[in-house]
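Derivation of every value follows stated rules applied to the coordinates shown; laboratory data play no part. Computed from a predicted model, the values in this text were never measured in an experiment. Note that each Cβ is placed from the backbone with ideal geometry, even for glycine, and that neighbours are counted across all protein chains shown.
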């Protein structure tokens, strides 16, 4: 028993002498911002001392770099709704988003034609039919339609033919003045081309008549006498 105990103690003593000493250092750095960078590393050093007094050192280094990029939230354009509202306006909105900046905005626009129709309807409901028509005639399409229908738009308290005389005298006040001038210029060109064509036709007819008269004259001159 004593011998076994001595052997056991000797083995234990040798095991304690040959114990491996190890030391490890670990470092890691995190940087936060618009983009998150994670830089880290692991370094491990192991030293072994033998019974004879010699040493063995082993060093292991592991480095890890991580660069994470994430997009910012999307810019939301403001909403605009004109449904179930008695307004003559429309809305428009837009948004732009980049990695560093997001911008969005919106704006409303008046619908003048819608306002004109609503005002004309109110005047008509109040019995002001001529005023209602005069208001609608501010639209060049309505004005031209009234002229083509033979019912000129009211002006200066005049209606019908009396109003047409004023519109012809002060045609620069017409809502469709630019379209009217363009149409008149095109008509003048068409009339000029028609006049040229008629002149050529008359000249052709005159030449044919001259040829016929010349033939008749020759027949009379060369008619033999009895």
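Of the residues making up segment 133-151, those that are under 22 Å from residue 118 (Cα atoms) and not in a helix (DSSP H, G or I) are 137, 138, 139.
Among the residues of segment 162-173, are any surrounded by 10 or more Cβ atoms within 10 Å (Cβ to Cβ), in contact with a helix residue (DSSP H, G or I) (Cβ under 9 Å, 6 or more places away or on another chain), touching a residue at least 24 places away in the same chain (Cβ under 8 Å) and within 30 Å of residue 111 (Cβ to Cβ)?
no
Taking each residue of segment 137-156 that is within 10 Å of residue 167 (Cα to Cα) and looking for partners that are not in a helix (DSSP H, G or I) with beta-carbon atoms closer than 7 Å, six or more apart or interchain, yields 153/137.
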